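The values are calculated or read from the model by the stated rules, or taken from the named source; none is laboratory data. Bear in mind that the values here come from a model prediction, so they are computed numbers and not experimental data. As a convention, Cβ positions derive from the backbone with ideal geometry for all residues, glycine included, and neighbour counts pool all protein chains shown. For accessibility, only protein heavy atoms count, side chains too; no ligands or nucleic acids. Shrake-Rupley method; radii C 1.70, N 1.55, O 1.52, S 1.80 Å.
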Amino acid sequence: MGTAEPQVAAASDAQQQTDGFQLVIDALKLNGIDTIYGLPGIPITDLTRRAQAAGLRVLSFRHEQNAGYAASIAGFLTQKPGICLTVSAPGFLNGLNALAHATVNCFPMILISGSSEREIVDLQQGDYEEMDQLAIAKPVAKAAFRVLHAEDIGVGVARAIRAAVSGRPGGVYLDMPAKLFAQTIDSAVAKNTLIKVVDPAPKQIPAPEAVKRALDLLRSSKKPLIILGKGAAYAQADAEIRSLVEKTGIPYLPMSMAKGLLPDTHEQCASAARSFVLPAADVVMLIGARLNWLLSHGKGKTWGGKGHKDWGGQKFIQVDISPQEADSNVRIDAPVVGDIGSCVSALLAGIGSNFSKPPAEWTGAINEKKSANVAKMAETLAKNPAPMNFHSALNVVRDIVKANPDAMLVNEGANALDFTRSIVDIYQPRKRIDVGTWGIMGIGMGYCVAAAVVTRQPVIAIEGDSAFGFSGMEVETICRYNLPVCIVVMNNNGVYKGTDVDPNGRDPAPTVFVKGARYDKLMEAFGGVGVNATTPAELRKGMEEAIRSRKPTLINAVIDETAGTESGRITSLNPSAKKK
Ligand code: ADP
Ligand code: TZD
Ligand code: MG
């Protein structure tokens with residue numbers, strides 16, 4: 001009898017304990033995070049198991065980089081930080097590329113990595129997979145934090161969420177040493193340490209004088225142009241943006257991932273007259289787009305430049321959440337700083353009902369260019385050469401996307417990227433996701449997994465054969481989770497094309513792969529559907545069937561190996577081209 005009581009007390013004490021693993025899960029769930037993209041191992045294996053047991057969706061990848069890219073694009077699509085979970089040192093480093101990618105592209109993402117104990121790391125005592133991860137993550141992350149005590153997990157997760165989604169979104173690193181997960185703490189005390197983040201991405205209302213300055217400039221313009229970037233797509237202010245474009249009547253250009261904010265077939269879309277409108281416009285309003293290399297830094301030949309017949313010395317309005325973005329390349333005459341939803345609403349309120357639409361001379365000239373270019377393109381697309389080229393294959397993809405406007409389109413490669421971007425119209429916001437600001441290869445299969453999981457819509461991936469190779473093993477992941485993904489590998493036997501040869505006749509050229517490779521068989525290895533398509537008709541049949549069945553499918557589209565251009569559309573950045 002005398003010993004019975006303490007034993008009961010001990011048992012109930014034990015019941016009231018929680019641990020680091022559980023607190024991480026509780027903190028994520030409390031903040032509405034329902035999916036983890038990761039790869040298990042010491043010290044986070046149990047975190048993946050227990051998260052799944054607790055009802056979180058845990059998607060397990062074959063390489064952390066792909067899990068990281070998946071998390072980053074989930075962040076873009078949902079405005080909630082995508083979570084990537086990795087083991088220490090090598091797993092962390094594999095995920096780091098995606099963390100940097102998230103920061104560079106302004107996507108909210110949190111990389112959570114298990115790590116070695118501080119004591120061992122700081123004395124460099126040689127732990128299993130030891131590395132000073134926090135220090136390494138800092139330069140590529142928007143913010144980086146380490147949590148040492150279970151009672152600080154709530155604060156650590158809250159700070160990571162705020163840093164990822166507030167202001168300009170970005171990648172955040174959260175370092176969790178192994179010992180943290182096993183720490184136990186009283187459940188009641190622990191509960192109070194958790195934080196449900198209130199208003200994680202607060203509205204940022206633009207200053208009225210900034211809005212007025214921008215509108216005055218727009219009103220003075222004879223040849224205005226709006227450029228929509230992926231920040232505008234991220235902002236989910238779709239109705240306001242459409243309204244601004246339509247009420248002002250200003251022609252617009254969508255950047256790659258802003259395609260579909262308004263349907264690419266919209267009468268004000270100037271994509272088919274891009275090289276005409278950029279130099280000719282007099283006032284350009286950037287909405288969630290940076291004047292980086294993708295817009296030729298706002299100067300030089302693309303923009304007319306001095307001496308060009310259309311040189312207008314453009315004036316710029318820039319709508320952006322980052323106050324530091326303006327003037328990064330050229331003078332911004334009217335910066336409007338705030339979140340795009342608030343800024344566009346303020347601009348709309350300011351234009352009222354008496355905004356005069358741009359002169360017909362301007363819109364008419366654009367339409368003329370557009371019609372000419374569209375007619376030229378239609379002619380090219382209608383050809384049916386043997387073997388298939390990019391155009392005849394993408395003509396099929398264009399039809400399939402038109403018939404399935406809800407489907408997500410993932411796209412990477414060089415020619416496979418550039419041709420798809422210009423040929424395949426997008427009809428709804430946030431349906432096109434691609435290589436982003438860095439023009440990076442390897443986003444493909446990670447993006448496919450996240451796009452399918454987040455949107456539940458069919459996913460079509462148009463992949464260069466080189467691009468596909470960077471993440472190709474994730475076809476197993478796609479099969480394992482039975483995701484409705486249709487991958488089309490544009491197989492031209494190599495990087496840019498498949499025709500290079502080693503002048504010494506010893507090895508294959510650096511840009512060339514195994515000729516006639518059958519990527520479709522990779523998919524079959526894991527129970528998915530493989531199709532080898534040598535004609536547009538075969539490609540169409542394969543894609544239609546994939547969308548209908550929602551089965552993981554890989555179509556090896558055999559493309560003329562002479563069809564590509566070196567570096568696709570960015571030949572001018574190739575130093576060998578600069579030398580000439
Ligand atoms: P693109 O590559 O499509 O041209 P960028 O990635 O260069 O687009 O630019 C995106 C811009 O959008 C960044 O400067 C970023 O600060 C901004 N941005 C992102 N989210 C928001 C938001 N919610 N409100 C305002 N600006 C945003
Ligand atoms: N590595 C990474 C991470 N990103 C890159 N962009 C490159 C290398 C360089 N690169 C490109 O810019 S495009 C490309 C590489 C290797 C592949 C092009 O070949 P592809 O496409 O087969 O994917 P096309 O259709 O043959 O042009
Ligand atoms: Mg290729």
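So the values come out like this:
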| read-out | value |
| --- | --- |
| Share of carbon and sulfur in the accessible heavy-atom surface of the chain [1.4 Å probe, %] | 53 |
| Segment 205-336 shape via C-alpha gyration tensor axes, a/c threshold 1.5 | rounded |
| For segment 226-283 and segment 467-546, distance of Cα centres in Å | 33 |
| Segment 336-461: C-alpha gyration tensor shape, a/c 1.5 cut-off, then a/b vs b/c | oblate |
| Relative contact order of the chain, defined on C-alpha pairs under 8 angstrom at six or more residues apart (%) | 12 |
| Segment Ser328-Asn292, extension gain: residue separation times 0.36 nm, minus the distance between their alpha carbons | 12.1 nm |
| Added length on full extension, which subtracts the Cα-Cα distance from 0.36 nm per residue, Arg398 to Arg550 | 52.8 nm |
| Two-site FRET efficiency, Ala375 against Thr302, from Cβ-Cβ distance with R₀ of 25 Å, rounded to 0.05 | 0.60 |
| Lysines with Cα under 25 Å of Lys191, excluding same-chain neighbours fewer than 8 positions away | Lys29, Lys80, Lys179 |
| Peptide ranges 569-576, 445-452, 177-184, 152-159 listed from the most packed, as the mean C-beta count within 10 angstrom indicates | 445-452, 152-159, 177-184, 569-576 |
| √(5λ) per eigenvalue of the Cα gyration tensor, segment 1-159, largest first, Å | 31, 20, 14 |
| Along each principal axis, Cα extent of segment 257-311, largest first, Å | 35, 22, 16 |
| Percentage, to the nearest whole number, of Cα pairs in the chain over 35 Å apart | 43 |
| Relative contact order computed over segment 346-500 (Cα-Cα under 8 Å; 6+ residues apart), in percent | 20 |
| Cα gyration tensor, segment 508-547 - rounded (a/c under 1.5), prolate or oblate | oblate |
| FRET efficiency, Leu573 to Ala509 (Cβ-Cβ, R0 22 Å, nearest 0.05) | 0.55 |
| Pairs beyond 28 Å (Cα-Cα), from Lys230/Lys357; Lys247/Lys402; Lys138/Lys212 | Lys138/Lys212 |
| Considering only the chain, percent of DSSP beta bridges that pair antiparallel, nearest 5 | 5 |
| Cβ-placed point charges (K, R +1; D, E -1), dipole of the chain about Cα centre in debye, nearest 20 | 2140 |
| Karplus 3J(HN,Hα) series, Hz, for segment 438-449 with 6.51 cos²θ - 1.76 cosθ + 1.60 (x for Gly, Pro) | 8, x, 9, 8, x, 6, x, 6, x, 4, 4, 4 |
| Packing-based order for 166-176, 543-553, using average beta carbon neighbours within 10 Å, highest first | 166-176, 543-553 |
| Cα-based reach from Lys315 at 14 Å (exclusive), listing aspartates and glutamates while leaving out same-chain residues under 8 positions away | Asp216, Asp282, Asp327, Asp333 |
| Pair Arg274, Thr562: separation of 7 Å Cα→Cβ label points (nm) | 2.7 |
| Nearest-0.05 FRET efficiency for Lys212 and Met473, computed from C-beta distance (R0 45 Å) | 0.25 |
